[in-house]
Structures are given as C-alpha cells and as structure tokens.
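The values are calculated or read from the model by the stated rules, or taken from the named source; none is laboratory data. All figures in this text were calculated on a predicted structure; none of them were measured in a lab. In this analysis, Cβ positions are derived from the backbone assuming ideal geometry, glycine residues included, and neighbour counts consider all displayed protein chains. Please note that ligands, DNA and RNA were not included when accessible areas were found on the heavy atoms of the full protein model with its side chains. Shrake-Rupley method; radii C 1.70, N 1.55, O 1.52, S 1.80 Å.
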Amino acid sequence: LGDEYAYWDIGIGFGRASDAASDGSWAFKARQNDVVTVCFGVNDIFKTGSSPKYEIEKAVKLLKESGAKVIVQTVPPFDYDEYHKKIWEETNDYVKDVLAPIADGFLDVTEFLSVSEGHKEKARFGGHPNAEGNAIWGKRLAEVIKNVCNASN
C-alpha cells in the first residue's frame, strides 16, 4: 500500500460474522478506521452449517453507519464438500448481489484463490492461503483499497 496508508489487522481467530455483527469489541475497534475490509464466512459455514449472509450484512451496515468506508469480500474457497459448497455459493451470491452494491468497494477472492472456474470452491493456495496466495490477495486488495481511498478524496 505504500507509506501513505496504515493497516491494522483486527481479524478474529476462529472469528465468525456473528462476532462482527454483535456490535461488540470487533465492531468498536473496526469503527476506529477510515476503511474496513469485511471478509467472514468460512468459520460460520463450517461451525453452524448455515449461511452467515445476514450477519455479514449487519456488520457492513454497522460500519457504514459509523462513517467507515467498507470493502466487502466474498467468502474464500476452502475445499468445501457438496453440502458446504451450496452454503458457500449462497453466501457469495448474496455478497455479490446485495452487499457489494451498498459497500464502498468489493473484491471477489474466488477469481484468484480458486483452483479453476469449474471448481471455485476448491482452494488453489490452501484453505489458509500460502505465501503466494497471500501475496496475490494482498495485491488485489491493495488496488481496491486505493480506489476507495482515492474516491474519498
């Protein structure tokens, strides 16, 4: 991102969208920032077996109401089985169709983290991306962050 931006990773270990939507500690910390990226869902899908789409929406709206610029990302691929794949697809469709239009920025991580177009649910760089996957993700996210910040000026 260069020297003009500061970055604070307040990701939640084994965090879920419900944690962010609870308007607790995560939301309080996130509100201290000008731009917040929201990328939840893997833990929700595996832990609850249901879509966290409404919890992600609530987190996005809480942040927008506080004045933060919000970048929403799709739920990353994680070698989902058929059952979890359907939930993952439902969630990502909601993120793309409903949340991306209300966010200040959007990044579809499946475009570069999936093994192929025919197997978007399969992780190209591992469920927790390796160094190569993280580098690609970081570069793509940096582009979106810069666009959001430049639009604010």
Out of Phe28, Trp137, Tyr54 - ranked by how far each Cα lies towards the positive end of the dipole of the chain, with unit charges on the beta-carbon of charged residues - the top one is Phe28
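If contacts are Cα pairs under 8 angstrom and at least 6 residues apart, what is the relative contact order of the range 32-153 in percent? If you can, show how the numbers build up before the last one.
On the way: 171 pairs, mean separation 31.3, N = 122.
Averaging sequence separation for qualifying contacts and normalising by length gives 26 percent for the range 32-153.
Tell me, what is the FRET efficiency for Asp23 and Glu132 to the nearest 0.05, using R0 = 41 angstrom and their Cβ-Cβ distance as r?
So, using R0 = 41 Å, E works out to roughly 0.70.
Per the 1.4 Å probe, what fraction of the accessible area of the chain, in percent, lies on carbon and sulfur atoms?
Details: 3900 of 8250 Å².
The value for the chain is 47 percent carbon and sulfur by accessible area.
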With the 1.4 Å probe rolled over protein heavy atoms, the range 54-153 has an accessible area per residue in Å² of 52
Across all Cα atoms of the range 89-137, Rg and the largest Cα-Cα distance (Dmax), in Å, are 11.9, 31
Straight-line reach check, Lys96, cutoff 21 Å on alpha carbons, 8 or more apart in-chain or any other chain, hits among lysines -> Lys53, Lys58, Lys61, Lys64, Lys69, Lys85, Lys86, Lys120, Lys122, Lys139, Lys146
Taking the chain and counting helices only, DSSP H stretches of n ≥ 4 at -39,500 (n - 2.57) each over all residues, the nearest-500 ellipticity at 222 nm comes to -13500 deg cm²/dmol
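Over all directions, the average projected area of the alpha-carbon convex hull for the chain comes to how many nm²?
On the way: hull surface 34.6 nm².
Computed as one quarter of the Cα hull surface, the answer is 8.6 nm².
Rounded to the nearest 5, what is the percent of antiparallel bridges among the DSSP beta bridges in the chain? The partial results should precede the final answer.
Working: 2 of 9 bridges.
Percentage antiparallel, nearest 5: 20.
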Helix 53-65: inclination vs the chain longest Cα principal axis, degrees, rounded to 10, gives 10
